[in-house]
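Okay, structure first, notes after.
The values are calculated or read from the model by the stated rules, or taken from the named source; none is laboratory data. All of these numbers come straight from a predicted model, not from anything done at the bench. Every residue, glycine as well, gets a Cβ built from its backbone with ideal geometry; the counts of neighbours run over all protein chains shown.
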Amino acid sequence: MLSERLISDVLLAALSTGGDFAEIFVEDTYNTVIRMMNGTVEEGVSGRDYGVGIRIFQGTKSVYAYTNKTERSNLLKVALEAAAALPGTKQVESIVLNRCVVDKFNPIKIIPRDISQREKVDVMKKAHYAAFGYDDQITQVTVNYLDTDQSIMIANSEGLLTDDRRVRTRLAINAVASKGSEKQSGFYGPGRHMGFELFDHIDVEEYAREAARTAVTMVNADYAPSGRYPVIINNEFGGVIFHEACGHGLEATSVAKGTSVFAGKLGQKVASELVTAVDDGSIPNAWGSQNIDDEGTKTRRNVLIENGILKGYMIDKLNGRRMGMKPTGNARRQSYKFAPTSRMTNTFICPGDSTVDEIISNTEFGLFAKRMGGGSVNPATGEFNFSVGEGYLVRNGKIEKPVRGATLIGRGSDILKKIDMVASNLATGQGMCGSLSGSIPADVGQPTIRVSEITVGGREGNN
């Protein structure tokens with residue numbers, strides 16, 4: 001992408017006024033997005049994003065600049081302008097780059113750019129027909145296809161020079177069911193860090209039917225009762241509550257500032273002893289996986305909570321300096337236009353010893369949240385409000401009936417302590433996570449869990 005001579009010169013220019021660390025991030029990305037509504041392709045866009053980000057540290061201060069003009073004169077100009085924001089005394093006279101070969105544990109078999117748009121649309125049509133044909137109450141089906149092929153190069157003043165390639169593919173299916181004036185939707189969005197071979201690994205039609213089933217079930221459901229009672233949260237995308245309400249609080253982005261409820265609590269009990277939580281960016285071909293993070297650090301399995309005890313945080317270089325701790329392979333960014341910071345990759349609660357049947361049969365009255373929807377979180381406090389996309393009332397140890405309109409309200413740190421049963425059926429769901437360094441792909445996950453008590457928003461008098 002850039003010659004080693006040019007990289008060295010730019011890094012030296014970045015350090016010319018007193019910085020003690022400089023980094024270059026080069027990106028060349030191809031994206032394809034296709035949108036289908038009710039079987040008709042409404043949009044198909046492909047594009048390329050190419051540019052360079054330059055970051056400089058001086059102690060715990062940092063400055064970031066980027067450009068899409070990669071001529072030598074412009075890169076040196078951008079580096080010098082960024083360096084001017086950190087005045088001091090020049091400390092580095094030369095930089096020796098050592099190329100580091102990345103271990104590839106996310107094998108790619110079929111590059112999406114080698115596949116015609118017609119073949120991609122054929123996959124989308126399969127999903128459309130499967131969802132639309134599920135039930136007469138299905139009135140709208142939207143299918144979105146996405147692939148991205150990102151090549152990066154990272155170099156820094158510590159001598160690191162490395163590169164990597166990341167290819168991701170995803171299909172998102174949204175089905176809408178109607179009953180009179182009432183409408184309900186169901187969603188599934190399978191994706192992985194792999195090429196077009198994704199569709200050899202997943203059953204597109206089954207995902208589409210599942211989205212349609214959720215919509216039809218909910219449009220015919222009664223309203224959920226409000227109150228405080230036990231809630232069983234299903235596996236897979238149920239992990240979004242941990243991701244949003246707790247995971248962000250374990251990122252050094254907030255811990256280093258002291259704004260996280262988990263700051264200063266290493267070694268303390270922060271959850272039920274049944275809870276072990278992990279962030280692992282090294283799972284082969286998982287949606288949130290990367291061979292290296294966006295600072296060139298190898299990704300790894302990081303135990304965050306073990307048997308209820310806080311064991312670690314997710315840390316990037318800059319916040320690691322502020323905390324006196326080493327990076328953990330969690331520095332991520334949407335593109336070269338963003339400086340990296342600590343972010344989640346594939347974050348999940350580990351399996352327990354119970355079965356789903358045992359959890360349900362041991363619940364006298366409660367809500368079974370089979371599918372979670374969207375929500376909002378206060379990252380400083382962990383207070384959340386999440387909708388339940390598909391819910392069921394549990395009574396006398398049995399699932400009684402489907403219910404809709406439920407919202408779960410609480411504080412993540414409190415919920416962790418109230419988890420009293422954990423099943424063994426770990427599964428993950430895919431999503432896009434937004435934060436300071438942009439929108440990035442992330443897996444969320446958990447086995448089915450039971451929280452002894454959560455405030456459930458619903459309708460009075462529906463018990």
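When residues in segment 76-113 are screened for being closer than 22 Å to Gln290 by Cα and either β-branched (Val, Ile, Thr) or free of Cβ contacts under 8 Å to residues at least 60 places away in the same chain (or both), 5 of them pass.
Of everything in segment 88-109, what is in contact with a strand residue (DSSP E or B) (Cβ under 9 Å, 6 or more places away or on another chain) and surrounded by fewer than 17 Cβ atoms within 10 Å (Cβ to Cβ)? Give them in sequence order.
Gly88, Val92, Asn98, Arg99, Cys100, Val101, Val102, Asp103, Lys104
Residues in segment 411-448 that are under 22 Å from Phe262 (Cα atoms) and either part of a strand (DSSP E or B) or not assigned by TED's automatic domain parsing to the domain that holds Val240 (or both): 11 in all. Looking across Val456, Val422, Val444, one residue alone is at pLDDT 95 or above and within 22 Å of Lys401 (Cα to Cα). It is Val456. Taking segment 79-112 as the range and being touching a Phe, Trp or Tyr at 6+ places or on another chain (Cβ under 9 Å) and either at pLDDT below 95 or at positive phi (or both) as the test, only Leu86 passes. Somewhere in segment 23-37, is a residue more than 22 Å from Ala331 (Cα to Cα) and surrounded by fewer than 16 Cβ atoms within 10 Å (Cβ to Cβ)? Within segment 23-37, one or more residues are more than 22 Å from Ala331 (Cα to Cα) and surrounded by fewer than 16 Cβ atoms within 10 Å (Cβ to Cβ).
Quick grid of which residues meet (1) part of a helix (DSSP H, G or I); (2) not β-branched (Val, Ile, Thr):
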residue	(1), (2)
Cys246	yes, yes
Gly258	no, yes
Val261	no, no
Ala271	no, yes
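Residue pairs whose Cβ atoms lie under 7 Å apart, separated by 6 or more positions or on different chains, with the first residue in segment 302-324 and of a type in the set (Ser, Thr, Tyr) and the second in a helix (DSSP H, G or I), are Tyr313/Leu250; Tyr313/Ala252; Tyr313/Val255.
List every residue pair whose Cβ atoms sit under 6 Å apart, with the two residues 6 or more apart in sequence or on different chains, where the first one lies in segment 270-288 and is closer than 21 Å to Ile315 by Cα and modelled with pLDDT of 95 or more and the second, anywhere, is among the aliphatic types (A, V, I, L, M) and part of a loop (DSSP other than H, G, I, E, B). Pairs found: Asp279/Met344. Only residues that are under 22 Å from Asn98 (Cα atoms) and either touching a Pro at 6+ places or on another chain (Cβ under 6 Å) or buried (at least 20 other Cβ atoms within 10 Å of the Cβ) (or both) were counted in segment 292-317, giving 9. State the number of residues belonging to segment 52-71 that are out of contact with any helix residue (DSSP H, G or I) (no Cβ under 6 Å at 6 or more places or on another chain) and either among the hydrophobic types (A, V, I, L, M, F, W, C) or at negative phi (or both). Selection size over segment 52-71: 12.
Scanning segment 411-463 for residues that are within 30 Å of Val167 (Cβ to Cβ) and β-branched (Val, Ile, Thr), we see that the one that is farthest from the chain's Cα centre (by Cα) is Thr428.
Evaluate the following for Lys370: is it within 17 Å of Phe237 (Cβ to Cβ), of a type in the set (D, E, K, R) and part of a strand (DSSP E or B)? Yes, satisfied. Look at segment 377-410 and say how many of its residues are over 20 Å from the mean Cα position of the chain (by Cα), in a strand (DSSP E or B) and buried (at least 16 other Cβ atoms within 10 Å of the Cβ). Counting residues in segment 377-410 that are over 20 Å from the mean Cα position of the chain (by Cα), in a strand (DSSP E or B) and buried (at least 16 other Cβ atoms within 10 Å of the Cβ) gives 11.
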